[in-house]
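Shown next, in structure tokens, is the structure this report addresses.
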Amino acid sequence: MIDPAPLLFAPLASRAFGERVAACLGAALAPLEERDYEGGEHKSRPLVSVRGRVVYVIQSLSGDEAGSANDRLCRILFLVAALKDAGAARVTACLPYIAYSRKDRRTKERDPVNSRYIAQLLEAVGVDHVMVMDVHNVAAFENAFRCSVDLLEAAPLLADKVVEQAGGHPVTIVSPDFGGAKRAQRVQELVAVRLGAPVEFAVLEKRRDNGEVSGDLIIGPVSGRHAVVVDDLISAGTTILRAVQACRAAGALSVSAFATHGVFAPGAERLLGPDGPDRLYVTDTLLPTRLTPPSGGATQLVVLPASGLFVEALRRIGAGESVVALREMERRPPAR
């Protein structure tokens, strides 16, 4: 008789995140053998029967000192294929961070569309369902896949923190560019629901010429307000720094910054200096191992746990409920 309980696997690179999800579900990660061979080759093998089982695999497709995004992509592809070969009935890839999501369209002649290629690779090895946290372009992500997808969002985590930190001051949610306006407006909606009062919105102009970013005009009220800059990820931090400095110049009382994914490429350490935000929020989809606060740094780095969002999504999927409905519920004011 097949056990109806789902199995949860997490390769070593995402083991800590997977353990947090499993603990919240009152379960344990299924045992997994991972072996590395000479020349950079490797294999992954489930150590329990998966025949006829529903399986979830957690793997953040990010690169760090321990391995590249390409290596982690290859590992999850081989693991999913092995699970399907072993008879798994359904495999969901839970990807807290998905690599190449920024390369979702052609900007130059003969450009690749890497986000679509990632989707094709996952589907080719038999992934039935994909769950991802905050991507760069929602429409491009959803259109890239033929299998079912669920997009989780970290906006509720930030909204809770904004209300906690606002201290009664009026709040403005700021998008650092027009491309991220919808993402920031989603946070604006959630903060307004929690405060029970209107929350303002502002957007910063952004011009890019030969890789150089410029523009500091803010459209929207910032002066005398608590400004919160919202983006999907931080790489070198240039966009966030530009927005923070523009908000301060416009008279903001304080400036916080939030990004779901803290990639933190070289140069991002400036975010923890005097020109950085008063508070910097990221989630644990990527642990900020590349960002070391300077001695006496003025910025407080806060890591918000995203595992609870995956737990609730997995619970809803297991119960046959809608993950989209969960997002819609967040928009509604609480019943009185």
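Looking at the stretch 19-47, which of the residues that are among the charged types (D, E, K, R) and more than 21 Å from Val132 (Cβ to Cβ) is surrounded by the fewest Cβ atoms within 10 Å (Cβ to Cβ)?
Glu38
Determine whether the stretch 48-56 contains at least one residue that is buried (at least 20 other Cβ atoms within 10 Å of the Cβ), touching a residue at least 24 places away in the same chain (Cβ under 8 Å), in contact with a Lys or Arg (Cβ under 6 Å, 6 or more places away or on another chain) and closer than 21 Å to Lys84 by Cβ.
Within the stretch 48-56, one or more residues are buried (at least 20 other Cβ atoms within 10 Å of the Cβ), touching a residue at least 24 places away in the same chain (Cβ under 8 Å), in contact with a Lys or Arg (Cβ under 6 Å, 6 or more places away or on another chain) and closer than 21 Å to Lys84 by Cβ.
Take the conditions more than 25 Å from the chain's Cα centre (by Cα), over 17 Å from Arg102 (Cβ atoms) and without any contact (Cβ under 8 Å) to a residue 40 or more places away in the chain and apply them to Ala257. Does it pass?
So Ala257 fails the test.
Please verify whether the stretch 59-80 includes one or more residues that are outside any loop (DSSP other than H, G, I, E, B), under 19 Å from Phe310 (Cα atoms) and among the aromatic types (Phe, Trp, Tyr).
Looking for residues that are outside any loop (DSSP other than H, G, I, E, B), under 19 Å from Phe310 (Cα atoms) and among the aromatic types (Phe, Trp, Tyr), one finds none in the stretch 59-80, hence no.
Would you check which residues across the stretch 245-278 are in contact with an Asp or Glu (Cβ under 7 Å, 6 or more places away or on another chain) and among the β-branched types (Val, Ile, Thr) and list them?
Hits for the stretch 245-278 are Val255, Thr260.
Kindly indicate the residue of the stretch 166-183 that is closer than 16 Å to Arg248 by Cα and modelled with pLDDT of 90 or more and also surrounded by the fewest Cβ atoms within 10 Å (Cβ to Cβ) among those meeting that condition.
Here the answer is Pro170.
What do you reckon, is Val163 in the same structural domain as Ala192 (by TED's automatic domain parsing) and either crowded, with 23+ Cβ neighbours inside 10 Å or touching a helix residue (DSSP H, G or I) at 6+ places or on another chain (Cβ under 6 Å) (or both)?
yes
Using the structure shown, decide if Val57 is more than 21 Å from Leu287 (Cα to Cα) and of a type in the set (A, V, I, L, M).
no
Those residues that are within 12 Å of the chain's Cα centre (by Cα) and buried (at least 20 other Cβ atoms within 10 Å of the Cβ), I need them from the stretch 138-156; list them, please.
Leu152, Glu153, Ala154, Ala155
One line per residue, one yes/no per condition, for (1) in a strand (DSSP E or B); (2) buried (at least 17 other Cβ atoms within 10 Å of the Cβ):
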residue	(1), (2)
Ala227	yes, yes
Thr239	no, yes
Gln245	no, no
Phe258	yes, yes
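Can you name every residue in the stretch 57-69 that is surrounded by fewer than 16 Cβ atoms within 10 Å (Cβ to Cβ) and either without any contact (Cβ under 8 Å) to a residue 24 or more places away in the chain or charged (D, E, K, R) (or both)?
Residues satisfying the conditions are Glu65, Ser68.
How many residues are in contact with a strand residue (DSSP E or B) (Cβ under 9 Å, 6 or more places away or on another chain) and either farther than 21 Å from Arg186 by Cβ or part of a loop (DSSP other than H, G, I, E, B) (or both) when one looks only at the stretch 247-256?
Result for the stretch 247-256: 6.
Hey, any hits in the stretch 91-102 for a residue that's within 27 Å of Gln120 (Cβ to Cβ), touching a Pro at 6+ places or on another chain (Cβ under 6 Å), assigned by TED's automatic domain parsing to the domain that holds Ser148 and not β-branched (Val, Ile, Thr)?
no
Of the numbered conditions (1) modelled with pLDDT of 95 or more; (2) in a loop (DSSP other than H, G, I, E, B), Gly276 fails exactly one; give the number of that condition.
With (1) modelled with pLDDT of 95 or more; (2) in a loop (DSSP other than H, G, I, E, B) applied to Gly276, the lone miss is (1).
The values are calculated or read from the model by the stated rules, or taken from the named source; none is laboratory data. A quick note: this is a predicted structure, and the numbers were derived from the prediction, not measured. All Cβ positions, even for glycine, are placed from backbone atoms using ideal geometry, and neighbour counts span all protein chains on display.
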